[in-house]
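**Student:** My questions all concern the structure below.
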């Protein structure tokens with residue numbers, strides 16, 4: 001008998017399940033960090049987590065508010081400089097998964113964290129690229145987790161901060177020495193994966209009690225569904241308990 | 001050899017209006033005390049470079065110190081926007097702010113190239129990104145050995161580097177511990193450097209491979225206890241995450257920001 005759960009918890013648990021013990025994961029702050037640490041505290045205790053502040057193989061007890069909280073450094077195997085992090089460990093090919101969040105994502109999984117509107121006259125100025133542009137190309141594959149809404153899932157992003165498969169789905173073709181790009185997008189409604197041929201994102205699995213219509217209404221393009229559409233397994237009791245404990249510890253720590 | 005100065009004297013003597021200034025510290029060891037002294041001395045027309053502008057540049061931009069910002073991630077980590085930065089970019093308040101943005105990998109490489117005395121940094125970067133369309137500093141070159149297309153950015157070689165560190169010994173050698181970010185690179189890349197420290201001690205207590213900046217590589221050292229707060233100094237105090245959250249409300253509004261600045265920066269002299 002499983003506990004009651006929210007759609008946000010469904011998203012975090014599903015995102016955590018994408019990680020395995022053998023992966024070395026470069027973790028983005030926010031939802032990816034929550035999912036990555038949930039994985040580490042449940043089914044993947046040996047997953048290697050790396051944050052861009054230079055903390056290698058870190059095991060924080062609470063979720064960091066920033067990518068450089070002291071907790072990350074004190075629980076890490078070692079801490080390296082930021083140039084070393086990006087040049088040796090990321091660009092050097094030691095990261096199997098880049099785990100990213102975003103503000104906008106389009107049908108070819110391009111990510112926008114730069115601005116809404118026109119570059120010279122932005123409606124909303126967002127933080128910018130940070131580590132993501134190179135995480136997305138140097139990691140062997142990329143996982144993305146983000147809440148599903150029409151504002152977020154747009155046909156074309158206003159600005160490609162971080163490449164998925166480019167405006168035409170072909171940006172990675174014939175570029176040597178880069179990773180395969182996004183392989184899965186996990187939202188609070190469903191799981192999406194790129195079509196192997198066109199690279200357009202398709203819904204591969206609906207979360208329990210979510211309908212096709214719910215996903216269509218929350219997506220800014222004519223979203224397509226995989227032929228063998230699955231239903232995502234519900235969160236288990238232990239996953240939910242560990243997630244709630246982690247969030248309670250984190251809330252207590254930061255307030 | 002590094003000269004021991006008061007923070008007031010160090011800023012007054014080594015930072016000029018119009019300078020290019022890098023105040024670094026990747027989440028950790030952010031030189032807030034120095035930033036506040038720059039605001040108090042009403043320095044202007046600075047080109048500010050920093051990977052993550054953070055609250056320190058939000059405050060300096062809101063106070064009117066900057067004409068240009070070069071950065072790679074301009075948010076309040078885990079909280080949201082830097083509202084003073086946004087107000088300057090979106091509305092030109094208190095003055096127009098030119099921005100130039102990179103990715104972290106490019107900026108880290110540019111600092112490293114600056115420290116190495118090179119004119120440019122080369123990286124496998126910006127593939128498929130729109131950033132090269134809006135930043136003319138980003139170019140692409142072809143590797144003469146393999147033919148691979150790679151990104152190139154100019155190295156960072158500022159007039160002044162400002163960093164915070166845990167401690168200096170009485171000769172002026174400085175120890176940086178924990179998340180060392182790009183503290184070493186920025187000091188070596190700059191023409192002049194100011195290092196603020198938590199304390200000055202007889203013995204650094206550094207292990208053999210520790211990150212130590214020798215006295216002869218630093219221009220000035222100023223003692224500034226809690227000089228990185230509300231960021232943190234490993235071994236001394238924690239990051240004040242509650243203040244980072246509170247800042248969102250303070251900075252959202254011009255008047256509350258100015259009141260905060262008056263009370264917490266102008267009316268408080270240098271330590």
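Computed from the coordinates by the stated procedures, all read-outs in this text should not be read as laboratory data. Because the structure is predicted, anything quoted here is derived from the model rather than measured. Counting neighbours? That spans all protein chains shown, and the Cβs are built from the backbone with ideal geometry, glycine included.
**Student:** Can you put B:216, B:247 in order of Cβ neighbours within 10 angstrom, beginning with the fewest? The partial results should precede the final answer.
**Tutor:** Numbers: B:216 10, B:247 24.
Taking fewest neighbouring Cβ atoms as first place, the list is B:216, B:247.
**Student:** Explain nothing, just the number: relative contact order of chain B, from Cα pairs under 8 Å at least 6 residues apart, as a whole percent.
**Tutor:** Reported as a whole number, the value is 24 percent.
**Student:** Give the order of A:59, A:123 when sorted by the count of other beta carbons within 10 angstrom, beginning with the fewest.
**Tutor:** Details: A:59 18, A:123 10.
Starting with the residue having the fewest Cβ neighbours, the order is A:123, A:59.
**Student:** Another question about this same structure. Ratio of alpha-carbon Rg to the 2.2 N^0.38 Å globular estimate for the range B:1-157, to two decimals, please.
**Tutor:** 1.12
**Student:** Take the alpha carbon atoms of the protein assembly as shown, find their radius of gyration, then divide it by 2.2 N^0.38 Å using N residues; give the quotient. Don't skip to the end; give the middle numbers.
**Tutor:** Numbers: Rg = 22.8 Å, N = 526, 2.2 N^0.38 = 23.8 Å.
Against the empirical 2.2 N^0.38 Å value, I get 0.96 for the protein assembly as shown.
**Student:** What are the semi-axes of the equivalent ellipsoid of the range B:104-154, taken as the square roots of 5 times the eigenvalues of the Cα gyration tensor, listed largest first and rounded to whole Å?
**Tutor:** They are 17, 15, 9 Å, listed largest first.
**Student:** Right, another one. Please find, in a Gaussian network model of chain A (springs between Cα atoms separated by less than 10 Å), the residue of A:228, A:21, A:110 whose mean-square fluctuation is greatest.
**Tutor:** Looking only at A:228, A:21, A:110, the biggest GNM fluctuation is shown by A:228.
**Student:** Could you list the square roots of 5 times each eigenvalue of the Cα gyration tensor of the range A:1-98, that is, the equivalent ellipsoid semi-axes, sorted largest first and rounded to whole Å?
**Tutor:** Equivalent-ellipsoid dimensions as semi-axes: 25, 14, 11 Å.
**Student:** Please list, by residue number, everything in the range A:130-145 whose backbone N is under 14 Å from a paramagnetic label point 7 Å out along Cα→Cβ of residue B:145.
**Tutor:** Nothing falls inside the zone, counting backbone N under 14 Å.
**Student:** Turning to a different aspect of this structure: Can you show me the helix-derived [θ] at 222 nm for chain B, built from DSSP H runs with n ≥ 4 at -39,500 (n - 2.57) apiece and divided by the number of residues, rounded to the nearest 500.
**Tutor:** Calculated at 222 nm, the ellipticity per residue is -8000 deg cm²/dmol.
**Student:** In the range A:7-249, how does Rg compare with the Kirkwood Rh, expressed as the Rg/Rh ratio over alpha carbon atoms?
**Tutor:** 0.95
**Student:** Relative contact order (percent) for the range B:177-266, with alpha-carbon contacts under 8 angstrom and 6 or more residues of separation?
**Tutor:** Computed over the range B:177-266, the figure is 24 percent.
**Student:** Over the Cα atoms of chain B, compute the convex hull volume and normalise it per residue, giving Å³.
**Tutor:** That works out to 128 Å³ per residue.
**Student:** Would you mind giving the average projected area, over all directions, of the Cα convex hull of the range A:113-170 in nm² with one decimal?
**Tutor:** Values: hull surface 18.8 nm².
Over all viewing directions, the range A:113-170 projects a mean Cα-hull area of 4.7 nm².
**Student:** In Å, what Kirkwood hydrodynamic radius results for the range A:57-136 from the alpha-carbon pair distances?
**Tutor:** About 14.9 Å, per the Kirkwood formula over Cα pairs.
**Student:** If you don't mind, another one. Per residue of B:75-84, count partner chain C-beta atoms within 10 Å of its C-beta, then hand back the mean as an integer.
**Tutor:** 4
**Student:** Something else about it: What does the average come to when, for each residue of peptide A:50-62, you count the partner chain Cβ atoms lying within 10 Å of its Cβ?
**Tutor:** Mean inter-chain Cβ contacts per residue within 10 Å come to 2.
**Student:** While we're on this one: If you take the C-alpha gyration tensor of the range B:44-86, multiply each eigenvalue by 5 and take the square root, what semi-axes do you get, largest first, in whole Å?
**Tutor:** Result for the range B:44-86: semi-axes of 17, 11, 7 Å.
**Student:** Once you've got the GNM for chain B with C-alpha springs shorter than 10 Å, pick whichever of B:36, B:83, B:104 has the biggest mean-square fluctuation.
**Tutor:** Looking only at B:36, B:83, B:104, the biggest GNM fluctuation is shown by B:104.
**Student:** Then there is this: Extension gain residue A:244-residue A:77, at 0.36 nm per residue separation less the Cα-Cα distance, in nm?
**Tutor:** Going from the current span to full extension adds 57.5 nm.
**Student:** Need one value for B:104-115: mean number of C-beta atoms belonging to other chains within 10 Å of its residues' C-beta atoms.
**Tutor:** 6
**Student:** Treat the range A:160-216 as a sphere of radius equal to its Kirkwood radius over Cα pairs and apply Stokes-Einstein at 20 °C in a medium of 1.002 mPa s; give the translational diffusion coefficient in µm²/s, rounded to a whole number.
**Tutor:** Working: Rh = 12.7 Å.
Rounded to a whole number, D works out at 169 µm²/s.
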